[in-house]
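Take a look at the structure below.
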Amino acid sequence: MDDIVNELQNIGFTKYESQIYIALLKENPLTGYEISKLSGVPQSKVYENITRLINNNIIINVGTDPIKYVPVNPSELLKNKKEEFNNSIDKLNDNLQVLNKGKNIEYVLNIKGDKNILKKATEMINNASQEIIISCPYEEILELKNDLLVACKKNINVEILLLENKMLEGLSNVHIHGGNDTTLENKKLYKGMILIVDNNEILTGNLSEGSEAISIWTKNSNILYIGTQYIKHEIYISEKTKGGFKNEQN
């Protein structure tokens, strides 16, 4: 019963209004006195709450001697509430956009923990519409592979930069990073990730500390530009440096 009261409060009822409506669903018609007894609403408060429910077309008074009350059918009530909610959302969408004046606030969000970072990466990949560019350790790429494959099937351009020459069956545009052994080993230890989606958002940081790993997500244009130029330069270098190449896999 408490759950129903809480849910009714979520759609605009007070606690007393919720208790009255529930009481009337259980038994009706009832007088104000009977409602107070059945619902547990104090008699000193019951009539003011009944009046509000009547004014909001949630209950109806019937008879005159004495006056009794019945509830509006739940399906009708919820239909009306849904229409009111949707109308409010539409109006707010229009009015708040006018107030916003087209300004975009570019937040920088810190994400802690490798699982949370990969969860955000999955969300970004699934919401992509044009392009995904990612540099990531092989083990983490495997966790994102299914989502990347789905993106490819939607004709989204996917570019991947790996430090190791390992198979990613089904994915093309896989660039294998070149360089000497020391450079590559240092990059592997850092376990850095850069994920850029639609040239609109970036997730970057490290996954090397497990639950202590920290990355940032943002749409900040400056950070996005730096990240995009960096990863594209790394892809270019991977094709030019000894040991680097583009691995076209099918």
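The values are calculated or read from the model by the stated rules, or taken from the named source; none is laboratory data. Owing to the predicted nature of the structure, the values given are computational and were not obtained by experimental measurement. Every residue, glycine among them, receives a Cβ derived from its backbone with ideal geometry; neighbour counts consider all protein chains shown.
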**Study point:** Pairs where the first residue, in the range 156-167, is under 14 Å from residue 232 (Cα atoms) and touching a residue at least 12 places away in the same chain (Cβ under 8 Å) and the second is exposed (fewer than 13 other Cβ atoms within 10 Å of the Cβ) and among the charged types (D, E, K, R), C-beta under 7 Å, 6+ apart
**Key:** none
Practice item. Might you let me know whether the range 159-177 holds any residue that is in the same structural domain as residue 143 (by TED's automatic domain parsing) and either more than 20 Å from residue 140 (Cα to Cα) or at pLDDT below 65 (or both)? Key: no
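A quick yes/no check of all residues on (1) touching a Leu at 6+ places or on another chain (Cβ under 6 Å); (2) under 25 Å from residue 84 (Cβ atoms); (3) among the small types (Gly, Ala, Ser):
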residue	(1), (2), (3)
28	no, yes, no
34	no, no, no
57	no, yes, no
62	no, yes, no
71	yes, yes, no
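Here's the yes/no breakdown for (1) over 16 Å from residue 141 (Cβ atoms); (2) surrounded by fewer than 19 Cβ atoms within 10 Å (Cβ to Cβ):
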residue	(1), (2)
202	yes, no
207	no, no
220	yes, yes
228	yes, yes
Practice item. Name the residue, out of 90, 94, 147, 114, that is surrounded by 12 or more Cβ atoms within 10 Å (Cβ to Cβ) and without any contact (Cβ under 8 Å) to a residue 40 or more places away in the chain. Key: 147
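With respect to residue 48, is the statement that it is exposed (fewer than 14 other Cβ atoms within 10 Å of the Cβ) and under 30 Å from residue 141 (Cα atoms) true? Working first, answer last.
Values: exposed (fewer than 14 other Cβ atoms within 10 Å of the Cβ): yes; under 30 Å from residue 141 (Cα atoms): no.
Spelling it out, it is not the case that residue 48 is exposed (fewer than 14 other Cβ atoms within 10 Å of the Cβ) and under 30 Å from residue 141 (Cα atoms).
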Check your understanding: Do you know which of the residues in the range 63-84 that are more than 15 Å from residue 25 (Cβ to Cβ) and in the same structural domain as residue 12 (by TED's automatic domain parsing) is surrounded by the fewest Cβ atoms within 10 Å (Cβ to Cβ)?
Key -> 65
Exercise for review: Return yes or no: is residue 137 surrounded by 12 or more Cβ atoms within 10 Å (Cβ to Cβ), more than 22 Å from the chain's Cα centre (by Cα) and under 30 Å from residue 201 (Cα atoms)?
Suggested key: yes
